[in-house]
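Before any comments, here is the structure.
The values are calculated or read from the model by the stated rules, or taken from the named source; none is laboratory data. Values in this document were obtained by computation on a predicted structure and should not be read as measured data. Neighbour counts are summed over all protein chains in view; Cβ atoms, including those assigned to glycine, are modelled from backbone coordinates with ideal geometry. Accessible surface areas use protein heavy atoms only, side chains included; no ligands, DNA or RNA. Shrake-Rupley method; radii C 1.70, N 1.55, O 1.52, S 1.80 Å.
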Amino acid sequence: MQKLWSVLSFTFTRNDCLTFSRREFFIGLTITWLVGIGRYWDHPNAEWGQYLGLGSVIYIFLLSFFIWIIVYPIRKQHWHYFQIVTFISLVSLPAILYAIPVERFMSLEAARKTNVWFLQIVALWRVALLIVFLKRYAQLNIAETIVATLLPLTLIVASLTVLNLEHAVFDIMAGIREDSGTPYDRAYYFLFALTTASISLLPFLVVSYVFLIYRAYRIRKAIKKT
């Protein structure tokens, strides 16, 4: 549990990441599963897979794969999938905020605002942790860290939109009326804004990524010659 708290408090070191064990992995996997159940336990329109927490578990493996494959061409050293998925699973804990049934003891408007705040807090916390992870464990520079952080996230968000896996995105596009809303509506507006930003940023991130790969290739080639 010590590594869990060091990760969440930003005090983890590169050596902590290098020495992640199966114990930390199963702790993170359990946390992800329980948080996934809590995220949707009172959601009126969730799928069975979401109620069972399977969506959250699948997500950490998918996100970790994207991060692994994207960073691989620009990696410095010691870049392993196991360390990545263990870290991603451990940072699932802040999402426990989603399990708080605020609509049970707040007005509809207050619940909407609170859900948006929860989304923003969890998203910023986890993205900040990913940035620190890429800086310390992968030893990327600032430009590489920015691209390696945003590219997998924007790819996932854009893919979910194209595949229509989050129906709320299209509900927002069609317009949700105030009198037929739910406590999740404002959170869906936030998700829609995130989707729009992701699709807009994606071409610039891809171009930047190609440049970083080329530069990393040139650097490795120059090192081999010396």
- Message: Please enumerate, by chain and number, the lysines with C-alpha under 17 Å from the C-alpha of residue 225, excluding those fewer than 8 residues away in the same chain.
- Response: none
- Item | Label-to-label distance, nm, for residues given as residue 218 and residue 15 (7 Å Cα→Cβ offset) | 3.7
- Note on the structure: Given a 1.4 Å probe, the accessible area of segment 79-159 per residue, as a whole number of Å², is 40
- Residue separation between residue 100 and residue 62 times 0.36 nm, minus their alpha-carbon distance, gives in nm 11.1 nm
- Note on the structure: Calc'd 3J(HN,Hα), segment 89-98, phi into Karplus 6.51 cos²θ - 1.76 cosθ + 1.60 (θ = phi - 60°), Hz, glycine/Pro = x, comes to 5, 5, 7, 6, 4, x, 5, 4, 4, 5
- Message: List the pairs from 113/135; 3/113; 3/135; 76/135 whose alpha-carbon separation is above 22 Å, in the order I gave them.
- Response: 113/135; 3/113
- Highest mean first, what order results for 70-76, 91-97, 102-108, 2-8 on Cβ atoms within 10 Å? 91-97, 70-76, 2-8, 102-108
- Query: Fully extended, how many nm does the chain gain between residue 26 and residue 76 (0.36 nm per residue separation, minus their Cα-Cα distance)?
  - Reply: 15.3 nm
- Query: For segment 66-139, rounded, prolate or oblate, judged on the Cα gyration tensor with a ≥ b ≥ c (square roots of eigenvalues), a/c < 1.5 rounded, else prolate if a/b > b/c?
  - Reply: prolate
- Taking 0.36 nm per intervening residue step and subtracting the Cα-Cα distance, what contour gain separates residue 5 from residue 225 on full extension? 74.8 nm
